[in-house]
Amino acid sequence: MSAGNRFAPPPAEVIAANVDAALAEDLGPGDATASLLDDTPDRAYLLCKEDCVVAGRPWFDAVHRALDPGVRIDWRCDEGDHVGRGTVIATLQGRNRALVSAERASLNFLQTLSGTATTTAHYVDAVRGTGTKILDTRKTIPGLRLAQKYAVRVGGGMNHRIALYDAVMLKENHIRAFGSVAAAIARARALQPGLPLIVEVETLAQLREALDTGCTRILIDDFDADTRREAVRIAKGAPYLGRIPLEVSGGVDMTTLRGIAEDGVDCISIGGLTKHLHAIDFSLKLGPPPGG
């Protein structure tokens, strides 16, 4: 049975480009060892060797189909499913040369993206019930940004801006260049009126200035706990009434996460979702799965 994908992956051309680059890197002019095989029909199974959230099926499939368009892949789990150690999550039928040549590249995608999704799920679980959303950052593996941001969504997180082009984010240096938060916001609104506008503030005075001027989201980075709680009180009280969400970033880990969320902030962005990666252990083995 082929399971579905309830998450929207990147466009097919993005996945194809990722796969082309991975196969060019791994195969080069050809797989010297696989060429020793007789190239006969065979089957294989995909074993998950640790608890995880599965992500990356579109890349796994695309790698195998690039080398064997006739390969059959039957998934036993959905994208985003929590899978236990020792679970056979897919079976494959195809040419044996293609199965072994595609093994490493397909598993590289699956282990990396499942690692991102699994880490994200841990953070999402840690703030459950607070109303706080977990966001990613631009701290991604070069060439795999859209793939990793997709995996964050699979894990229950949300995407921050994708890159430098799809949102304006005014930080300390930008505000200093314009002289004030209000002046920086005015410039951004004049030149990029159609883009989301995120503003980083360093003081409660700057927070009020951003709230009065208006923006899409306010980043209260490096506030201590008392100042952060006061910022939440200001932003959610009259006359602002929580219309502009507050985001926290920097210095966030599992020991501080829940407390920050319980302070009432709307979003917490975490670079470690995509940067501090624990790759999930999978194995692709020729033959029938244990138990048939």
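Tabulated data
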quantity: Among residues of the stretch 39-73, those that are basic (Lys, Arg) and free of Cβ contacts under 8 Å to residues at least 24 places away in the same chain, counted; calculated: 2
quantity: Filter result (free of Cβ contacts under 8 Å to residues at least 12 places away in the same chain and loosely packed, with under 12 Cβ neighbours inside 10 Å) within the stretch 202-232; calculated: 205, 224, 226
quantity: Within the stretch 18-62, tally of residues that are touching a Pro at 6+ places or on another chain (Cβ under 8 Å) and either over 25 Å from residue 88 (Cα atoms) or assigned to a helix (DSSP H, G or I) (or both); calculated: 1
quantity: Positions within the stretch 51-77 being within 29 Å of the chain's Cα centre (by Cα) and surrounded by fewer than 16 Cβ atoms within 10 Å (Cβ to Cβ), in sequence order; calculated: 51, 69, 72, 74
quantity: Top-ranked residue in the stretch 233-270 [being polar (S, T, N, Q) and surrounded by fewer than 16 Cβ atoms within 10 Å (Cβ to Cβ); ranked as farthest from residue 172 (Cα to Cα)]; calculated: 255
quantity: Every residue from the stretch 123-138 that is in contact (Cβ under 8 Å) with a residue 40 or more places away in the chain and either among the polar types (S, T, N, Q) or surrounded by 15 or more Cβ atoms within 10 Å (Cβ to Cβ) (or both); calculated: 123, 126, 127, 130, 132, 133, 134, 135, 136, 137
quantity: Helices (runs of 4 or more DSSP H) fully within the stretch 206-290 counting 3 or more residues that are β-branched (Val, Ile, Thr) and more than 30 Å from residue 55 (Cα to Cα); calculated: 225-236
quantity: Test: residue in the stretch 173-180 that is in contact with a strand residue (DSSP E or B) (Cβ under 8 Å, 6 or more places away or on another chain) and within 21 Å of residue 266 (Cα to Cα); calculated: no
quantity: Test: residue in the stretch 89-100 that is under 22 Å from the mean Cα position of the chain (by Cα) and farther than 18 Å from residue 19 by Cα; calculated: yes
quantity: Filtered residues of the stretch 71-92 (kept if more than 30 Å from residue 156 (Cβ to Cβ) and in contact with a helix residue (DSSP H, G or I) (Cβ under 9 Å, 6 or more places away or on another chain)); calculated: 71
quantity: Pair list, Cβ < 9 Å and 6+ apart or interchain, from the stretch 233-248 residues that are within 19 Å of residue 268 (Cβ to Cβ) to residues that are part of a helix (DSSP H, G or I) and of a type in the set (Gly, Ala, Ser); calculated: 242/235; 244/210; 244/235; 245/235; 246/231; 246/235; 248/261
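Every number here is computed from the coordinates shown, using simple stated rules; none is lab data. Treat the numbers as computed from the prediction; the structure is a model and nothing was measured. Here the Cβ is made from the backbone with ideal geometry for all residues, glycine too, and neighbour counts use every protein chain on show.
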